[in-house]
């Protein structure tokens with residue numbers, strides 16, 4: 001049984017209902033119920049009468065209809081977020097004196113006089129043996145210390161690794177192609193100059209994790225809804241129909257909302273809305289949605305600013321988006337981004353955000369924002385070829401179906417609302433197709449599934465665009481999700497299929 | 001000087017025009033972008049602190065960035 005923790009339960013804005021802005025009646029009623037529990041004692045009869053989870057303990061309150069300090073389990077947090085989507089639930093945080101961090105000393109690979117030199121390995125297609133160019137090869141001689149060498153393959157598929165000597169035992173070898181192939185992975189692998197690493201070409205009719213759970217959706221799935229992808233932009237692609245968008249990077253052409261070259265946004269877009277048919281194309285989960293692109297990452301390799309992100313969210317709201325995908329995050333909480341998410345929510349728009357890929361670290365911001373829909377990543381054994389990096393993503397906990405697992409890279413925590421398919425996902429990429437992994441892929445899979453569901457619920461989507469609409473959409477999505485058996489901090493309410 | 005994001009946070013209404021004018025009047029202010037409810041502004045820290053106090057319905061935060069998510073394994077920086 002996970003340990004109980006302290007949380008603060010708040011209205012959507014401010015510390016007390018109806019002070020900063022009008023509060024939905026259901027939210028005010030729930031906060032008042034908690035006050036009743038606090039003053040009457042948390043016995044079973046009182047909790048049941050107030051329709052409050054049975055393990056909740058109300059410790060303190062700032063007002064009858066205001067913020068409450070409570071103690072409960074992560075399971076109850078997840079259940080409460082699903083039942084009362086209009087409230088904010090934030091973990092209690094304790095601050096400590098800011099001590100200077102200690103510097104970590106990285107171990108360098110030390111070449112001796114006898115071991116200078118490089119090793120050339122060849123990366124080639126497992127299909128026709130053709131060289132794979134522009135693939136990133138990362139070779140670890142000591143994986144725990146992250147020591148080794150890295151290189152890109154040239155026109156002949158050769159990667160020159162500065163490892164010293166004429167042969168080397170690698171603890172791990174990762175090969176990341178620039179689209180077209182599955183990633184390569186080898187463990188305890190002896191290499192010498194001329195060693196060949198074969199990569200599996202992507203077959204568009206392969207049943208990856210996403211297609212295992214969602215198959216090939218009808219082209220009408222998600223129709224009537226508009227989805228905005230806030231990312232690196234979406235590149236024109238035969239499988240995608242892009243209705244419009246904007247570039248919110250200061251100083252760049254606002255009409256340039258194509259991909260900035262990373263391919264990340266194009267991949268996310270295909271997971272939601274690709275309209276191809278295997279084996280000649282791929283199909284997303286909700287190909288019937290109207291797809292819009294909001295580019296927040298600049299040309300080159302710069303990061304997305306909080307201004308660009310907030311402006312993109314505002315524009316997506318103005319453009320009539322119903323759902324927004326944000327496969328990005330990291331860094332401290334930012335009030336501008338929080339305000340933009342709250343603005344979207346207040347205007348009937350749900351913002352889905354990837355949990356982050358920091359190997360089971362806490363849910364990153366803005367996914368951790370209480371008004372965002374936070375998505376972790378799961379995978380499934382048997383939905384990726386052997387000798388691919390996806391093998392390395394398999395980790396406990398496993399689900400009720402033992403083939404299901406939570407990706408080793410996925411961040412977790414009580415803020416998690418849903419899990420999504422995020423290991424070994426085939427999708428659209430500039431110039432073709434690519435396999436990618438991450439909560440970045442899980443997030444659009446949740447968005448696609450949400451769009452598919454909500455397009456069948458016109459009573460909700462036809463509501464006026466306000467907080468009640470977004471709360472109703474969140475509740476419908478969370479109610480429809482099914483736990484895979486990982487536990488709430490790993491999957492929230494589960495997978496929406 | 002630093003680059004700040006100044007955003008109106010009251011979702012129940014539009015920002016008062018006087019508020020935006022107050023930002024523009026800040027001695028060091030150089031407006032980079034303005035969407036109506038949000039501005040990107042180069043400001044010195046004293047002006048930023050003054051605006052934080054005088055505009056209670058706005059947030060004044062430094063511009064910050066996040067990289068493209070990338071779960072690929074990397075060598076440790078040397």
Once both labels are modelled 7 Å past Cα along the beta-carbon direction, what's the residue A:465-residue A:51 spacing in nm?
2.9 nm
What is the antiparallel percent of DSSP beta bridges lying wholly in the range A:209-491, to the nearest 5?
25 percent
For peptide A:329-342, what's the mean number of Cβ atoms from other chains within 10 Å of each residue's Cβ?
5
Can you give me the convex hull volume of the Cα atoms of the protein assembly as shown, divided per residue and expressed in Å³?
163 Å³
Convex hull volume per residue in cubic angstrom - Cα atoms of the range A:107-199:
81 Å³
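Want the number for residue A:361 to residue A:253: 0.36 nm per residue separation, take away the alpha-carbon distance, what's left?
Full-extension gain reported as 35.2 nm.
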Run the simple label-point estimate for residue A:146 and residue A:457 please: 7 Å along Cα→C-beta, distance reported in nm.
4.1 nm
What is the range A:107-199's relative contact order, in percent, from Cα pairs under 8 angstrom and six or more apart in sequence?
35 percent
The Kirkwood hydrodynamic radius of the range A:280-414, taken as the inverse of the mean 1/r over all distinct Cα pairs, in Å, comes to 16.6 Å
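Do me a favour and compute the ellipsoid semi-axes for the range A:354-404 from its Cα gyration tensor, root of five times each eigenvalue, largest one first, whole Å. Can you show the working numbers first?
Values: eigenvalues 126, 31, 17 Å².
Equivalent ellipsoid of the range A:354-404: 25, 13, 9 Å, largest first.
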Sorted by average packing, counted as other Cβ atoms within 10 angstrom per residue and highest first, what order do A:459-472, A:368-381 take?
A:368-381, A:459-472
Treating the Cα atoms of chain B as identical point scatterers in vacuum, please give the log10 of the normalised Debye intensity I(q)/I(0) at q = 0.11, 0.21, 0.23 Å⁻¹, two decimals.
-0.36, -0.87, -1.02
Averaged over all directions, how much area does the convex hull of the C-alpha atoms of the range A:407-497 cover when projected, in nm²?
7.0 nm²
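Rounded to the nearest 500, what is the 222 nm mean residue ellipticity of chain B from helices alone, with -39500 (n - 2.57) per DSSP H run of 4+ residues and division by all residues?
-7000 deg cm²/dmol
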Compute the relative contact order of chain A as a whole-number percentage, counting only Cα pairs closer than 8 Å that sit 6 or more residues apart in sequence.
14 percent
Using only Cα atoms, tell me the angle between helix A:306-318 and the longest principal axis of chain A; keep it within 0 to 90° and round to the nearest 10.
60 degrees
Tilt of helix A:25-40 relative to the longest C-alpha principal axis of chain A, in degrees (0 to 90, nearest 10)?
70 degrees
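At a 10 angstrom cut-off on C-beta neighbours, averaged per residue, how do the peptides B:7-13, A:411-417 rank from highest to lowest?
Answer by packing, highest mean first, reads A:411-417, B:7-13.
When B:72, A:315 are ordered from fewest to most other Cβ atoms inside 10 Å of their Cβ, what list results?
Ranked by crowding around the Cβ, least crowded first: B:72, A:315.
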Summarise the partner chain shielding of B:10-18 as one whole number: the mean count of Cβ atoms from other chains within 10 Å of each residue's Cβ.
3
Mean other chain Cβ within 10 Å across A:304-315 is 6
1/(1 + (r/R0)^6) with r = Cβ-Cβ of residue B:35 and residue A:193, R0 = 45 Å, i.e. FRET efficiency to nearest 0.05, evaluates to 0.20
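Quick check: residue separation of residue A:402 and residue A:5 times 0.36 nm, minus the Cα distance between them. What number comes out in nm?
140.0 nm
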How many percent of the alpha carbon pairs in the range A:209-491 exceed a separation of 34 Å?
10 percent
Cubic angstrom per residue, convex hull over Cα atoms of the range A:212-293:
88 Å³
Within chain A, what percent of beta bridges assigned by DSSP are antiparallel, to the nearest 5?
60 percent
Can you tell me which of A:161-167, A:188-194 comes out highest on packing, and rank the rest after it, using the mean Cβ neighbours within 10 Å?
A:161-167, A:188-194
Rounded to two decimals, the Rg over Rh value of the range A:225-349 from Cα coordinates and the Kirkwood Rh reads 0.97
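May I ask you to compute the full-extension gain from residue A:155 to residue A:280, defined as 0.36 nm times their residue separation minus their alpha-carbon distance, rounded to one decimal in nm?
42.3 nm
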Give me the angle, in degrees from 0 to 90, between the Cα long axis of helix A:264-273 and the longest principal axis of the Cα atoms of chain A, rounded to the nearest 10.
60 degrees
Roughly how compact is the range A:5-92, stated as its Cα Rg over 2.2 N^0.38 Å to two decimals?
0.96
Over chain B, relative contact order from alpha-carbon pairs under 8 Å, at least 6 apart, %
41 percent
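Read-outs throughout are calculated quantities, based only on the coordinates presented, and are distinct from any laboratory measurement. If you're wondering where the values come from, they're calculated on a predicted model, not measured in any experiment. Note that we place each Cβ from the backbone using ideal geometry, even for glycine, and neighbour counts take in every protein chain shown.
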